[in-house]
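Everything below concerns the one structure shown next.
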Amino acid sequence: MARTGITYEQVAAAADAIIGEGQQPTINAVRDRIGTGSPNTVHKHLTAWRATRPQAAVAAPELPASLTSAIAAEIEKAAASARAEVESKLVQSQQEAAELANAGESLEIERDELLEQVAELTTERDTLAGKAEQQAADIKAQAERIEREQQAAEAARVDLAKAQLKIEAGAERLGEQAAEIERLRAALDSESKARILSEQQAAVLAAKLESMTERATKAEARAEMAEKQSQQSVQELNSSRNQAQAQQIALDTAAREIEDMRRQIKDVRSEAKRAGEEAAELRGQLTTLTQQKPERTAKNKAAAKE
């Protein structure tokens, strides 16, 4: 928006005040008095003000009437000629001054408009510079984000390879544990059969022991009648007892071995269960990583397009 110029009333009031102080109302004096204003505008209003000012009459010296008449006639003649020329030049000068004043005002208005345009362009330039800096920062941040995504994708690929290796190792260990379980099961079956056989033998020995005890009782009743037969029965009884004790010791040993095998089977089953859980967890991680890989790839492509 162009600035508002000074008015004729302001220039006229300033010129009257300067005249009242006994000074000449020049353009600079009027501008200093008002405090603002274009020299061209001041000149235009000052010219209009001067045109409205009354002209002071100059008192003529007293001369003889004849001389006065002759001089007056010559002066009037010369004055008329000079006046006409001066008035013509004055009119031309005033027209030129008015044209220059108008041209100066137009130039000042155009200058103000250009200054406003320069200010707007400067503001727009600063705005664009700020946007450019922001865009550069956004591009840098996006590049860093893409690099982080690429690093995360590489880490995911490494984790996937490690998970696959762990799954393969877990599967191999599961196979080995299954073979060990089969071996222990076969050993348990063998020990069970041995235990059953030992129990059967213990039952037989127990029956024998009972029979020998009965025989010993009968032998003791007949001890006086058959000392020799009694001594032989006692020897047989002691032998049977020793055999029974040996069988009982073998049975206890077999029972302890069977219990140890059961504990080993239980431990192997627990380890197999843990291995199965680890394999299931690894399979879940593998599935998650496999699903995340296309999503990260799509995000990277979308980020690259942005």
> For segment 112-156, which residues satisfy the criterion of being surrounded by 12 or more Cβ atoms within 10 Å (Cβ to Cβ), free of Cβ contacts under 8 Å to residues at least 12 places away in the same chain and among the small types (Gly, Ala, Ser)?
Replying inline: ALA143
> Out of segment 27-42, which residues are open to solvent by less than 70 Å² (accessible area, probe 1.4 Å), farther than 30 Å from GLU120 by Cβ and either in a loop (DSSP other than H, G, I, E, B) or not β-branched (Val, Ile, Thr) (or both)?
Replying inline: ALA29
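This table checks each residue for (1) under 20 Å from GLU108 (Cα atoms); (2) at pLDDT below 95; (3) open to solvent by 60 Å² or more (accessible area, probe 1.4 Å).
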{"residue": "VAL11", "(1), (2), (3)": "yes, no, no"}
{"residue": "LYS44", "(1), (2), (3)": "yes, yes, yes"}
{"residue": "THR52", "(1), (2), (3)": "no, yes, yes"}
{"residue": "ALA56", "(1), (2), (3)": "no, yes, yes"}
{"residue": "ALA60", "(1), (2), (3)": "no, yes, yes"}
{"residue": "GLU74", "(1), (2), (3)": "no, yes, yes"}
{"residue": "ALA82", "(1), (2), (3)": "no, yes, no"}
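In contact with a Lys or Arg (Cβ under 6 Å, 6 or more places away or on another chain) and either farther than 30 Å from GLU278 by Cβ or at pLDDT 80 or above (or both): which single residue out of ALA152, ALA101 fits that description?
Working: ALA152 fails: in contact with a Lys or Arg (Cβ under 6 Å, 6 or more places away or on another chain).
Result of the check over ALA152, ALA101: ALA101.
Would you point out which residue out of ILE181, ILE109 is closer than 30 Å to ILE265 by Cα, part of a helix (DSSP H, G or I), aliphatic (A, V, I, L, M) and out of contact with any strand residue (DSSP E or B) (no Cβ under 9 Å at 6 or more places or on another chain)? Talk me through it step by step, then tell me what you get.
Details: ILE109 fails: closer than 30 Å to ILE265 by Cα.
Only one candidate qualifies: ILE181.
Scan segment 213-230 and tell me whether some residue there is modelled with pLDDT of 80 or more, open to solvent by less than 100 Å² (accessible area, probe 1.4 Å) and either under 30 Å from ALA163 (Cα atoms) or not acidic (Asp, Glu) (or both).
Start the filter on segment 213-230 by keeping residues that are modelled with pLDDT of 80 or more, which leaves 214, 218.
Now narrow it down to the ones that are open to solvent by less than 100 Å² (accessible area, probe 1.4 Å): none.
No, segment 213-230 contains no residue that is modelled with pLDDT of 80 or more, open to solvent by less than 100 Å² (accessible area, probe 1.4 Å) and either under 30 Å from ALA163 (Cα atoms) or not acidic (Asp, Glu) (or both).
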>> Can you report the number of residues in segment 268-284 which are of a type outside the set (Lys, Arg) and closer than 15 Å to GLU176 by Cβ?
In response: 7
> When the residues of segment 158-186 are filtered to those that are surrounded by 14 or more Cβ atoms within 10 Å (Cβ to Cβ) and basic (Lys, Arg), which remaining residue is nearest to MET261 (Cα to Cα)?
Replying inline: ARG173
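Could you identify the single residue in ARG241, ARG269, ARG256, ARG262 that is surrounded by 14 or more Cβ atoms within 10 Å (Cβ to Cβ), part of a helix (DSSP H, G or I) and either at positive phi or basic (Lys, Arg) (or both)?
Working: ARG269 fails: surrounded by 14 or more Cβ atoms within 10 Å (Cβ to Cβ); ARG256 fails: surrounded by 14 or more Cβ atoms within 10 Å (Cβ to Cβ); ARG262 fails: surrounded by 14 or more Cβ atoms within 10 Å (Cβ to Cβ).
It is ARG241.
Within segment 187-202, which residues are open to solvent by 60 Å² or more (accessible area, probe 1.4 Å) and among the aliphatic types (A, V, I, L, M)?
Going residue by residue through segment 187-202, those that are open to solvent by 60 Å² or more (accessible area, probe 1.4 Å) are 189-190, 193, 195-197, 199-201.
Once the filter is applied, which keeps residues that are open to solvent by 60 Å² or more (accessible area, probe 1.4 Å) and among the aliphatic types (A, V, I, L, M), segment 187-202 yields ILE196, LEU197.
The values are calculated or read from the model by the stated rules, or taken from the named source; none is laboratory data. As the structure is a computational prediction, the values presented were derived from the model and not from experiment. Here Cβ is always computed from backbone atoms with ideal geometry, including for glycine, and neighbour counts include all displayed protein chains. Protein only, heavy atoms only, side chains kept; ligands, DNA and RNA dropped before computing areas. Shrake-Rupley method; radii C 1.70, N 1.55, O 1.52, S 1.80 Å.
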